[in-house]
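Below is one structure; the comments refer to it alone.
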Amino acid sequence: MDSQKLRTEGKKMLDFVADYWDGIRDRKPLPDVKPGYINDLVPAQAPATPEDWAKIFDDLENVVVNGATHWHHPHFFAYFPTALSYQSIMADILSGGIAGIGFTWKSCPSMTELEMSSLDWVVDLMGLPEHFKNSHNGPGCGIIQSTASDSTMIAIMAARATHVERIKSEPTFMKWVSETGVGKTLKNIFDRVKVNKVDDEASGMITPYFHDPTVFERFVMYCSDQAHSSVEKGAMLSAVRMRKLKATRGFLGNYGVSRETLQNAIKEDRARGYIPFMFLATVGTTCSCGVDQVDELGPVCVEEGLYLHVDAAYAGTFALCEEFKYLIRGMEHVDSFNFNLHKAGMVNFDCSPMWFKNGTHVSRYFNVDAVYLAHEYQTTASDYRHLQVALGRRFRSLKIWFVLRNMGVDKIREYLRRTELLAAEFSKLILENGKFEHFVPQHLGLTCFRLKNSTNADNEKLCNAINDDRRIHLVPSTVHGTYFLRMVVCSQLTTLDDIIYARDVIFELAEKLF
């Protein structure tokens, strides 16, 4: 394929995508396939000689589209949304065409600087603290990570390293710890880490100063028992203890960690000789869209010396609207904050902004300098490789830049408000026949419901029937042993008629089963 062929076939691909979107209502949200279906469509061995592009193009429908789950179908109500816009598609085409890898400023200056500027736009639009801006004269900064899961792990490792450094370098911190009654166990740990370690250059042995396991062996972090599974995975991979704190009904009638619960956990664990170092708050839990109130929990973290990270993967985008600003109250206490624009922000995956209150400090924990990465501007320019696990990175900021310039933030706000209104309408409709009840009040685009006077098995049976039927798609969840169904407004194509249709399908199947 040459550039002329790209022009010809590229137009056909754009037409294919546009036609897919125009005809998505004619499909069902879930494909009718079983694991291994592709074995009948794709040969076991790669072709020995190049195939004609037309033949490959002809395979797209059978091999790819017919086996895809259609996340943007108006009857897709599962998980949380993944965003999309034509402007984002255009940005991904340009990113793929430039094919740069912006691990340092010099490796692609426009990739670095457009990311810095576009994230400053988002700070302003959301009303986040000024110190998060890349252009602010302080140490704060923003970066686009791939996912909230990546951001969570980065935050855990940054928090861990911050606390290791504090223990190693601040005797006053140990005095403070001793005054809290931690006792002899912690002193013994500190005595061990005071021994200077010398790297053995002959053997290639390196002892990481900021990530020294002899220090963090008794560290413990906290999160809600409603936090996303990626938090547990991040703690596991970071080799730190994690204590899940029981969320209770409170703010908005939903589940979140209370101030007292966090305070008691810190006190208990210090008495046991553990070192609390982090609290990871969730704003918009996956199970029920509950909120850990940062404005109440933040001061506890500051007072107790805990690093505070906020995961607002789904809910964060809604803070673009004035009426949802309650989601970001207390951000002045936060050490790092992340949400996924690629969930509800009309920006295609992957685009997960993350901000640090002190990015200059955190970047030292991920800094591994190699001669081949050095450049003459590294003391004055930003190198994003110091704030992520991977070295390479894509030109993700093009998506924000294109969407905000051509679509505009008011269009995104309109979509968010319409999403909430449709969810509110469904939350009323699902109660109409008297067979269902809300598990928690509807919040943002999510409604949680279950059969009245039912068992978990009854609700699971209904959920399976709905998905086997394939006219609509949703997923369940559980909170403290109670099973319920989740209905999320995901597609920008979803209308009130689609919400009524979903209600009708659920009522019909429930009537057949019960």
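The values are calculated or read from the model by the stated rules, or taken from the named source; none is laboratory data. Values in this document were obtained by computation on a predicted structure and should not be read as measured data. Ideal geometry is used to build each Cβ from the backbone, glycine not excepted, and the neighbour counts take in all protein chains shown.
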Notebook entry, point to check: Got a sec? Which of 275, 266 is more than 30 Å from residue 81 (Cβ to Cβ), over 21 Å from the mean Cα position of the chain (by Cα) and at pLDDT below 95?
Noted result: 275
Item checked: Residue count for region 118-149, restricted to those that are without any contact (Cβ under 8 Å) to a residue 60 or more places away in the chain, part of a helix (DSSP H, G or I) and closer than 21 Å to residue 412 by Cβ -> 2
Next item on the list: Tally the residues that are crowded, with 24+ Cβ neighbours inside 10 Å and of a type in the set (Ser, Thr, Tyr), restricting the search to region 308-329.
Entry: 2
Next item on the list: Filter region 260-272 down to residues that are touching a residue at least 24 places away in the same chain (Cβ under 8 Å) and surrounded by 15 or more Cβ atoms within 10 Å (Cβ to Cβ) and give me whichever is nearest to residue 290 (Cα to Cα).
Entry: 262
Margin query: Pairs please, first residue from region 1-13 and among the aliphatic types (A, V, I, L, M), second anywhere and assigned to a helix (DSSP H, G or I), Cβ atoms under 9 Å, 6+ apart in sequence or on different chains.
Written below: 1/9; 1/53; 13/57; 13/60
Next item on the list: Determine whether residue 155 is more than 20 Å from residue 327 (Cβ to Cβ) and either touching a residue at least 12 places away in the same chain (Cβ under 8 Å) or more than 24 Å from the chain's Cα centre (by Cα) (or both).
Entry: no
Check: Residues in region 40-62: is at least one under 28 Å from the mean Cα position of the chain (by Cα) and either surrounded by 10 or more Cβ atoms within 10 Å (Cβ to Cβ) or among the β-branched types (Val, Ile, Thr) (or both)?
Finding: no
Item checked: Residue among 290, 284, 234, 256 that alone is free of Cβ contacts under 8 Å to residues at least 40 places away in the same chain and closer than 21 Å to residue 314 by Cα -> 256
